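Structure first, then comments.
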Amino acid sequence: MQIIKTNKSRLKEVNFSNLPFGTVFSDHMFICKYKDGKWVEPKIIPYGPIEMNPGAKVLHYGQSIFEGMKAFKNSNNELLLFRKDDNFIRLNKSAVRLSIPQIPKDIFINGLEKLISLDNEWCKKDDGYSLYIRPFVYASEDGVKASTAQEFTFIIITSPSTRYYSGDINLLVEEKYTRAPQGGVGFAKAAGNYAASFYPTRQANKKGFQQVVWTDSIEHKYIEECGTMNIWFRIGDELVTPQLSDSILDGITRKSVIALAKDMGIDVQERKVSVKELFEAYNNNKFTEVFGSGTAVGISPIRSITFRSEKMSFTNNNDSISSRLKSKLQSIQKGEAFDSHDWITKIH
Ligand code: COI
């Protein structure tokens with residue numbers, strides 16, 4: 001693979017004590033093109049603008065998918081990449097649904113590992129820091145015919161990050177708009193899923209809520225996700241999360257929460273959960289905790305859920321399931337706890 005290094009690193013200009021999520025990018029990026037039926041010319045180049053024709057199909061039809069991944073530094077300054085194979089598999093599942101050619105594993109893994117090794121100083125070892133990794137693929141063919149492109153571009157960029165949210169997360173149950181219908185692309189990390197969520201989220205923001213709770217597209221009765229996260233409820237002694245379907249993202253952090261909760265002896269249920277069930281359980285003091293999970297946010301406790309004029313509020317303490325899961329997950333990611341599930345790759 002060709003590697004063209006920058007002759008002027010921007011690392012020294014970065015204020016690591018003020019890093020709003022996803023705004024600062026590391027020195028290099030990986031890029032590979034798909035032409036004539038093959039992925040060709042994988043290379044690492046300095047981070048910078050990409051050439052694109054105004055007719056590029058992605059700009060007109062949104063044929064684009066992405067992943068979110070993270071790497072962490074341990075106390076010996078070694079870079080640890082979390083669950084890379086799972087992200088690779090999911091990217092290719094999204095690719096099938098969006099009619100994008102499969103990315104070969106060697107191109108994805110070599111590009112990713114070389115890139116983060118080269119920019120490894122962008123990841124700080126102090127608590128709370130990680131390197132957020134954003135692989136994405138888009139239709140770069142020049143042409144506005146509404147049909148699948150024949151040319152694509154695959155890029156990986158990385159961004160030093162700390163926390164995603166600052167402050168409480170209060171949710172409003174969304175009853176009009178839908179994140180994803182059955183048979184649609186909700187299970188995939190399609191760029192358009194996020195574009196379609198912005199308007200309803202802004203309406204909720206205006207009413208003082210940080211995010212919405214997405215409900216099913218037919219009856220708006222069953223809960224699917226919240227904001228850009230999978231959602232979890234502690235109901236009695238169970239930890240409940242909506243079961244996967246076409247319209248729910250198969251989150252890698254979601255999978256990790258299931259595995260860690262099971263390790264802790266917690267009864268995890270993946271099933272349908274209605275808004276009505278939550279209110280009944282809340283009124284009977286059985287619904288005691290709610291949190292979201294995602295790569296960017298990690299595990300994030302939620303302060304309240306509002307449905308029409310009714311509100312359920314929650315407090316989070318060190319003994320909550322979310323605090324215990326969060327500290328276990330973080331200690332595995334930072335190489336402080338034994339990686340019994342084999343989730344970590346040490347980058348050399
Ligand atoms: C992630 O958690 O990586 C996501 O994909 C959410 C993102 C839209 C910030």
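The table below gives the values:
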read-out: Residue match in segment 259-266 (condition: within 14 Å of the ligand (Cβ to nearest atom) and touching a strand residue (DSSP E or B) at 6+ places or on another chain (Cβ under 9 Å)); value: no
read-out: Any chance Arg271 is loosely packed, with under 14 Cβ neighbours inside 10 Å, more than 16 Å from the ligand (Cβ to nearest atom) and more than 22 Å from Leu98 (Cβ to Cβ); value: yes
read-out: Qualifying residue in segment 295-309 (condition: free of Cβ contacts under 8 Å to residues at least 24 places away in the same chain and of a type in the set (S, T, N, Q)); value: yes
read-out: Meets criteria (loosely packed, with under 13 Cβ neighbours inside 10 Å, at pLDDT below 95 and assigned to a loop (DSSP other than H, G, I, E, B)) for Asp319; value: yes
read-out: Flag if Lys334 is charged (D, E, K, R), closer than 26 Å to Lys73 by Cα, open to solvent by less than 70 Å² (accessible area, probe 1.4 Å) and at pLDDT 95 or above; value: yes
read-out: Candidates Phe154, Phe187 - the one that is touching a helix residue (DSSP H, G or I) at 6+ places or on another chain (Cβ under 8 Å) and within 16 Å of the ligand (Cβ to nearest atom); value: Phe187
read-out: Residues of segment 179-215 satisfying the condition of being open to solvent by 10 Å² or more (accessible area, probe 1.4 Å) and in a loop (DSSP other than H, G, I, E, B); value: Arg179, Pro181, Gln182, Gly183, Gly184, Val185, Phe187, Lys189, Lys207, Gly208, Phe209, Gln210
read-out: Strands (runs of 3 or more DSSP E) fully within segment 32-130 counting 1 or more residues that are closer than 28 Å to Ser300 by Cα and open to solvent by less than 10 Å² (accessible area, probe 1.4 Å); value: 64-66, 69-73, 79-82
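The values are calculated or read from the model by the stated rules, or taken from the named source; none is laboratory data. Here the structure is a predicted model, which means the values were calculated and not measured. Backbone-built Cβ (ideal geometry, glycine too); neighbour counts: all protein chains shown. Protein only, heavy atoms only, side chains kept; ligands, DNA and RNA dropped before computing areas. Shrake-Rupley method; radii C 1.70, N 1.55, O 1.52, S 1.80 Å.
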